[in-house]
1. For region A:280-329 and region B:1-31, compute the distance between their C-alpha centroids and round to whole Å.
2. Which aspartates and glutamates, if any, have their Cα less than 13 Å from the Cα of A:LYS65, not counting same-chain residues under 8 positions apart?
3. Between B:THR178 and A:GLU642, how high is the FRET efficiency from 1/(1 + (r/R0)^6) when r is the Cβ-Cβ distance and R₀ = 45 Å? Nearest 0.05.
4. Debye sum, Cα scatterers, region A:459-559, no solvent: what log₁₀ I/I(0) at q = 0.16, 0.17, 0.24, 0.25 1/Å?
5. If you take every residue apart from A:ARG523 with its C-beta less than 12 Å away from the C-beta of A:ARG523, what net charge results, scoring Lys and Arg +1 and Asp and Glu -1?
6. Give me the net charge of A:ASN267's neighbourhood, meaning all other residues with Cβ under 9 Å from the Cβ of A:ASN267; Lys, Arg count +1, Asp, Glu -1.
7. Between A:THR407 and residues 5 or more places away or on another chain, which pairs have amide H atoms under 5 Å apart, with H built 1.01 Å from N, and which residues are they?
8. So if each residue of separation counts as 0.36 nm, and I subtract the Cα-Cα distance between B:MET133 and B:SER97, what length gain in nm does that give?
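The values are calculated or read from the model by the stated rules, or taken from the named source; none is laboratory data. It should be emphasised that the depicted structure is a prediction, and the values quoted were computed from it without experimental measurement. Cβ placement follows ideal geometry from the backbone for every residue including glycine, while neighbour counts extend to all protein chains displayed. Accessible surface areas use protein heavy atoms only, side chains included; no ligands, DNA or RNA. Shrake-Rupley method; radii C 1.70, N 1.55, O 1.52, S 1.80 Å.
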Amino acid sequence: MYTALFFMLGLGFLCGAMLSIASKVFYVYEDPRIAEVEGFMAAGNCGGCGYTGCSAAAAAVVAGKAPPRVCVAADAEAAANIAAIMGVDPGTAEAILSYNTCTGGNRAADKYFYTSINSCQALATIYGGKRECEVGCLGFGDCVSACIFNALKLGPEGYPVVDDIKCVGCGACERVCPKDIMEIKTMSQRLLHLNQFDDRIAPCQQTCPAEIDIPKYISQIKKGDYEGAVNTIRERNPLLLSCGRVCPHPCEDKCRRGIEDEAVSINQMKRFVADYEMNSGRRFPIPCAPSTGKKVAVVGGGPAGLSCAYFLRRLGHDVTILDAVPMLGGMIRYGIPEYRLPKEVLAWEIQGILDLGIEHKPNLMLGRDFDVESLMKDGYDAVFLGIGAWKDFNLGVEGENLKGCYTGIDFLTNFALWQQGDGAEEQPFVGQKCVVIGGGNTAIDCVRTLVRLGSKEVSIVYRRTLKEMPANMVEIEAAEHEGIQFTFLAAPTRVIGDEEGNATRLEYLKMELGEPDASGRRRPVPIEGSESTIDIDMLITAIGQGPDVFFKDESKLLAEDLNVTRWNTIDSADPVALQSSIPYIFTGGDSATGAALVVSAIGGGRRAARSIHMYITGEEVTPPAKTLFTDNIPVSIFESVEGIEKSARTKMPELPVDERIKSFDEADLVITEEEALYESNRCLQCCLICYNKDVA
Amino acid sequence: MSEMGYFQIIISCIFVNNILLAKFLGNCPFLGTSRKMETAVGMAMAVVFVLVLAGAITWIIYHYFLVPFDLVYLRTIAFILVIAALVQFVELFLKKSIPVLYAGLGIFLPLITTNCAVLGACVINIDEELSFMKSLFASFGFAVGFGLALILFAGVRERITLARVPKPLQDTSIGLVTAGLIALAFFSFNGMV
Ligand SMILES: Cc1cc2nc3c(=O)[nH]c(=O)nc-3n(C[C@H](O)[C@H](O)[C@H](O)COP(=O)(O)OP(=O)(O)OC[C@H]3O[C@@H](n4cnc5c(N)ncnc54)[C@H](O)[C@@H]3O)c2cc1C
Ligand code: SF4
């Protein structure tokens with residue numbers, strides 16, 4: 001009896017002593033807040049948050065790795081209490097939400113007929129499911145039963161619909177979906193997603209250089225949800241007013257309806273909702289992630305720079321835009337003329353971007369007023385170079401420096417500066433017999449500007465034919481209507497001047513089309529002895545432009561380490577990652593690709609923002625494994641389309657020619673609400689391979 | 001069991017005498033941590049770790065303290081005390097010295113303090129009169145058997161959550177029915193060693 005008592009006492013004492021010594025020896029300091037935070041969690045150790053139990057989740061909250069609302073089983077009050085312990089606002093943390101990425105559902109064609117299987121998991125293991133589409137939703141709602149918060153239901157179309165209010169982002173649906181259709185993401189992750197080969201996306205979205213979810217915004221227009229449509233566009237493109245006006249819409253070339261009928265007029269609908277917001281008298285709110293305290297310098301405030309700054313700001317970084325000229329916008333302010341994109345509209349758009357909390361430092365030129373070393377000294381974590389392509393190419397013919405000879409960008413920017421009151425006192429020279437050499441947008445903008453300034457005879461001289469002109473087709477047509485003469489297949493050989501050095505005549509050789517060159521366009525070859533001349537008093541060469549990288553030679557660092565290509569574009573090893581040869585310098589837009597489009601610059605700005613985000617948050621900068629970039633997913637591009645009933649495409653309203661050539665008033669007008677609704681109904685709401693047929 | 005070789009002991013403890021499915025010990029964690037594969041794996045690892053240690057310590061306590069002092073009747077209570085202290089000690093030790101392992105096993109360790117599978121396995125070792133080495137092997141075998149059953153069961157349960165189960169049978173009820181079926185399947189290992 002006594003032995004037993006003593007034994008138990010001794011054993012208890014031994015264990016107690018050992019544990020107290022151990023707790024002294026193995027003491028680890030633990031933030032007392034961890035215990036406090038854990039106290040507010042549901043204490044179920046359910047693991048729904050993705051951490052191994054409540055204490056691990058609490059530790060993550062205190063370490064700042066998880067948001068206060070991490071506990072999936074606790075209510076909003078608990079989240080608020082936790083946020084109070086941490087001294088943060090519960091609303092600032094980014095919520096994770098579930099998204100369904102397949103909108104095919106029941107309309108997708110069936111391939112097999114199964115009996116008595118009622119779970120997606122089971123179906124997926126047997127021939128991958130009944131649908132023709134290999135990546136589409138199987139429709140049995142495994143995700144719906146997996147969601148313990150009742151945030152999912154199977155919609156009438158046969159695919160799951162998420163209730164954002166109930167969704168806590170636990171990821172149960174993502175884990176059970178055998179087709180990876182359900183994704184849980186924060187806003188930041190969504191903003192950074194680049195099109196991939198395994199995405200379920202329509203041909204138009206694959207083709208859009210900015211990767212806008214086109215069918216989604218069209219369906220929102222159809223429902224009258226214009227604010228939703230604007231927000232959808234803003235997930236990919238912050239310059240919707242500008243793009244709605246000047247974009248040559250490559251998406252429409254790949255529109256599925258366009259295979260059998262006229263393509264959907266996607267861009268006019270974008271302009272419609274963009275104008276709707278501007279005229280509504282308020283700005284739709286744009287959410288930003290909580291501040292990260294990282295600083296990025298964006299050099300160049302054109303579309304690429306604005307887009308990069310916008311996305312970085314939305315990801316929570318501090319951004320400063322430094323630009324050489326007084327106002328932001330780059331080529332879309334100083335190149336594209338007033339009658340295509342009114343400065344007032346542009347200013348409204350840019351103000352909305354700056355209002356997110358982006359700083360603009362005007363009149364600072366890289367290489368003249370500052371350099372990359374000074375930026376790094378000022379504490380910036382990364383630099384974006386979006387300096388565009390502002391240096392005109394030269395013709396390389398005799399006499400091109402005579403009086404009356406200009407280059408395209410110089411002419412347009414000088415005129416724009418004067419028109420906005422930032423340039424010379426006097427209006428730049430305008431001739432009466434003007435010839436513009438070139439076939440791109442710059443050339444067309446020059447001639448249409450000249451017409452508006454009162455030139456009597458304005459013509460374009462181009463080496464190839466109408467078909468090969470790189471300018472937007474609508475622009476070429478508008479120029480024709482405005483009375484511009486076109487001289488095709490003509491290569492200038494000499495500018496002839498008078499005794500005072502004024503240009504008086506342009507000599508050119510006639511050409512004929514030969515074999516196609518690398519770009520697929522037929523190469524013009526001169527016809528011997530076909531020299532002809534035209535009388536001129538003003539000549540503008542607009543035969544293309546490249547980036548001006550003079551700043552490279554002003555700095556030892558850049559001169560040695562920054563690689564540029566032979567076209568003077570900033571070299572980035574990967575066109576998707578856009579990281580230059582100096583790891584903290586990134587590029588995008590015209591300075592990475594050479595003169596291109598506004599949308600491409602916007603896409604480039606977002607891609608660069610993604611890489612910069614990865615760089616400054618300490619991740620390795622790599623493109624996603626399956627990026628689509630400029631490719632199309634082969635199965636989604638059809639030869640012919642069934643079930644189409646032809647319907648006319650909405651015409652763009654324009655100011656009458658005789659009225660518009662007298663002023664710089666906007667020439668292209670916006671479609672009406674009825675027209676937008678009609679046009680939205682023409683859209684087939686395509687997914688990868690299925691779509692809504694007009695006739696069954 | 002004491003005449004068996006080491007390999008046979010392991011096989012016997014994993015399959016034939018599976019602590020969960022043949023002895024039906026440790027049901028609480030079996031049902032509690034088998035809803036998700038991740039937690040099941042974590043729990044299984046923690047049990048392997050603790051059971052081997054507990055097997056060794058209880059063997060020493062029994063043969064060097066309880067038997068010489070003629071206190072064999074105190075076995076159960078002494079074991080409970082020792083195992084509880086051991087688990088606490090291990091938790092403290094891991095937290096300081098091997099934080100990575102602690103992060104993985106962390107929340108499962110305290111749950112094991114009250115796990116009857118651990119106590120049961122230790123008691124079986126003593127009853128079977130195993131030598132020290134053999135009881136280590138047996139503990140390891142029991143623990144692996146526990147892990148195996150738990151992981152199998154978690155896999156089945158993850159699928160069950162997606163199936164359409166009639167209301168009255170949902171969750172624990174269907175869990176127990178399934179456990180019974182798996183136990184029947186394990187029954188066929190009988191007589192293997
Ligand atoms: C006349 C014309 C018409 C066009 N029409 C169309 C059209 O209809 N549709 C279409 O899609 N695209 C059109 N484009 C193309 C489009 O404008 C460009 O592709 C787009 O603006 C490129 O954007 P970016 O940001 O890369 O460069 P830019 O817009 O050129 O901006 C570069 C910015 O960097 C600044 N910068 C340059 N060097 C420095 C330096 N050293 N230091 C600091 N800042 C610097 C500049 O001031 C400028 O603000 C047209 C282009 C021109 C010239
Ligand atoms: S029909 Fe609609 S969704 Fe399909 S490609 Fe055209 S615009 Fe895009």
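1. 64 Å
2. Partners within reach: A:GLU94.
3. Efficiency computed from Cβ-Cβ geometry: 0.40.
4. Ignoring solvent entirely, the Cα scatterers give -0.86, -0.92, -1.31, -1.35.
5. Computed value for this residue: 0.
6. +2
7. The list, which skips near neighbours in sequence, is A:THR541.
8. That pair, B:MET133 and B:SER97, stretches by 10.3 nm at full extension.
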